[in-house]
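K.L.:
Could you have a look at this structure, given as structure tokens, before my questions?
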Amino acid sequence: MKTYVYLCAFALFASVIPTTMTAKNEEKTKKEVAVQLYSVRDLLSKVDNSNGKCDPAYIAILKDLAEMGYTSVEAANYQDGKFYGRTPKQFKADVESVGMTVLSSHCSRTLSEEELATGDYSKSLQWWDKCIADHKAAGMRYLVMPWMNVPKTLKDLATYCAYYDEIGRRCKEQGILFGYHNHNHEFQKVEGQVMYDYMLEHTNPAYVFFQMDVYWVVRGAASPVDYFDKYPGRFKMLHIKDNREIGQSGMVGFDAIFRDADRAGTRHIVAEIEHYSKPVLESVKESLDYLLDAPFVKASYAK
């Protein structure tokens, strides 16, 4: 009889503990990680949301990302006042319907030669006013300029910095923060000055933050951590990227980057996968799993 009681107790213990441990493990791996939707561009390019209809394949892609564990999205397809063929309010509802939130968006309007020559970019600012209104309607918290060419002169670069300050001021009035996202060419010199450093030093921190793409910094032969130390608090968002899947190449020192993320001023991390070594969804999931499993990545950077 005593043996029977012990066996029953052990069976009960065994049935409860794994469930508890599983729950703890699931809780441990929950982290706030956004996904740049450019990562699934090959899938979204086949979606047809035209004529006001919503393609089920589009919702299925968003649902797949949510089920992987991504918590929010960064858009990369603002055209004619819409996101992936959906109105701002529709896009917000689409993302929220699968359990994620809308965090940020990449969109750009570079200056023309005439605007650079005259310093009058009022026409471009009119475009930004509409853009900002649409992003506010979509629930965006951040609006990010993802690209500009290397200017020919420091004068042109200074014009761009003033332009970004003004966009940022207009964004801030609408409750949105404006930032700039780098590639590797920003580490070239313009009239003897490193372009990225000049931008950091000649934009107003009250209006312009920097969304550092850590992979492109490394490809630009620079150190993300050195920039965190030199310009603390300027990098509210980090683009976490690798040569293919995140953590795949070993060329980016993610542990050091994340250890210094608080000094950088980081509040959000965004995974972006540009190249794949396997099917798209497998690649995007493997990249997230790396971040979820990494002990140096915190559950949240928001404060």
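K.L.:
(1) surrounded by fewer than 18 Cβ atoms within 10 Å (Cβ to Cβ); (2) farther than 23 Å from Ala162 by Cα: which one isn't true of Ala271, the others all being true?
P.N.:
(1)
K.L.:
Kindly evaluate Gly99 against the criterion of being of a type outside the set (Lys, Arg) and assigned to a strand (DSSP E or B).
P.N.:
Judged against the criteria, Gly99 is not a match.
K.L.:
Only one of (1) outside any loop (DSSP other than H, G, I, E, B); (2) touching a residue at least 12 places away in the same chain (Cβ under 8 Å) is not met by Glu282, so which one is it?
P.N.:
(2)
K.L.:
Now for a different question. Taking the condition within 30 Å of Lys82 (Cβ to Cβ), of a type outside the set (A, V, I, L, M) and touching a Leu at 6+ places or on another chain (Cβ under 7 Å), does Tyr163 pass?
P.N.:
Values: within 30 Å of Lys82 (Cβ to Cβ): yes; of a type outside the set (A, V, I, L, M): yes; touching a Leu at 6+ places or on another chain (Cβ under 7 Å): yes.
Yes: the conditions hold for Tyr163.
Okay, residues lined up against (1) in a strand (DSSP E or B); (2) among the basic types (Lys, Arg):
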| residue | (1), (2) |
| --- | --- |
| Val73 | yes, no |
| Lys92 | no, yes |
| Leu103 | yes, no |
| Ser108 | no, no |
| Ala117 | no, no |
| Leu125 | no, no |
| Lys130 | no, yes |
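Every residue, every condition in (1) over 17 Å from the mean Cα position of the chain (by Cα); (2) at pLDDT 95 or above; (3) of a type in the set (Ser, Thr, Tyr), yes or no:
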position: Val217; (1), (2), (3): no, yes, no
position: Asp226; (1), (2), (3): yes, yes, no
position: Tyr231; (1), (2), (3): yes, yes, yes
position: Met237; (1), (2), (3): no, yes, no
position: Lys241; (1), (2), (3): no, yes, no
position: Gly250; (1), (2), (3): yes, no, no
position: Val270; (1), (2), (3): no, yes, no
position: Ser277; (1), (2), (3): yes, yes, yes
position: Glu282; (1), (2), (3): yes, yes, no
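K.L.:
With the condition kept exactly as written, say whether any residue in region 254-265 is out of contact with any Asp or Glu (no Cβ under 7 Å at 6 or more places or on another chain), open to solvent by less than 50 Å² (accessible area, probe 1.4 Å) and farther than 29 Å from Met199 by Cβ.
P.N.:
Within region 254-265, none of the residues are out of contact with any Asp or Glu (no Cβ under 7 Å at 6 or more places or on another chain), open to solvent by less than 50 Å² (accessible area, probe 1.4 Å) and farther than 29 Å from Met199 by Cβ.
K.L.:
Would you mention how many residues in region 152-195 are open to solvent by less than 10 Å² (accessible area, probe 1.4 Å) and free of Cβ contacts under 8 Å to residues at least 12 places away in the same chain?
P.N.:
Qualifying residue count for the region: 0.
K.L.:
Would you confirm, using the coordinates I've provided, whether Glu74 is modelled with pLDDT of 95 or more and under 12 Å from the mean Cα position of the chain (by Cα)? Spell out how you get there, then give the answer.
P.N.:
Working: modelled with pLDDT of 95 or more: yes; under 12 Å from the mean Cα position of the chain (by Cα): yes.
Taking the combined requirement at face value, the residue satisfies it.
K.L.:
In addition: What do you reckon, is Gly220 in contact (Cβ under 8 Å) with a residue 24 or more places away in the chain, in contact with a strand residue (DSSP E or B) (Cβ under 9 Å, 6 or more places away or on another chain), open to solvent by less than 30 Å² (accessible area, probe 1.4 Å) and of a type in the set (Gly, Ala, Ser)?
P.N.:
No, not satisfied.
K.L.:
I'd like to know if region 38-45 contains one or more residues that are acidic (Asp, Glu) and loosely packed, with under 15 Cβ neighbours inside 10 Å.
P.N.:
yes
Per-residue answers, yes or no, for (1) within 21 Å of Lys241 (Cβ to Cβ); (2) at pLDDT 95 or above; (3) touching a His at 6+ places or on another chain (Cβ under 7 Å):
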{"position": "Ala34", "(1), (2), (3)": "yes, yes, yes"}
{"position": "Ser39", "(1), (2), (3)": "yes, yes, no"}
{"position": "Asp94", "(1), (2), (3)": "no, yes, no"}
{"position": "Leu103", "(1), (2), (3)": "yes, yes, yes"}
{"position": "Leu116", "(1), (2), (3)": "no, yes, no"}
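K.L.:
Quick one: would you say Gly233 is part of a loop (DSSP other than H, G, I, E, B), farther than 25 Å from Leu143 by Cα and open to solvent by less than 50 Å² (accessible area, probe 1.4 Å)?
P.N.:
In short, no.
K.L.:
Which residue pairs have Cβ atoms closer than 7 Å, lie 6 or more positions apart in sequence or on different chains, and pair a first residue in region 58-76 that is surrounded by fewer than 17 Cβ atoms within 10 Å (Cβ to Cβ) with a second residue that is in a helix (DSSP H, G or I) and among the charged types (D, E, K, R)?
P.N.:
Every condition considered, the pairs that remain are Ile59/Asp94.
The values are calculated or read from the model by the stated rules, or taken from the named source; none is laboratory data. The model shown is predicted, which means the values in this text are computed figures rather than measured ones. Ideal geometry is used to build each Cβ from the backbone, glycine not excepted, and the neighbour counts take in all protein chains shown. The accessibility values were calculated without ligands, DNA or RNA, using every heavy atom of the protein model including side chains. Shrake-Rupley method; radii C 1.70, N 1.55, O 1.52, S 1.80 Å.
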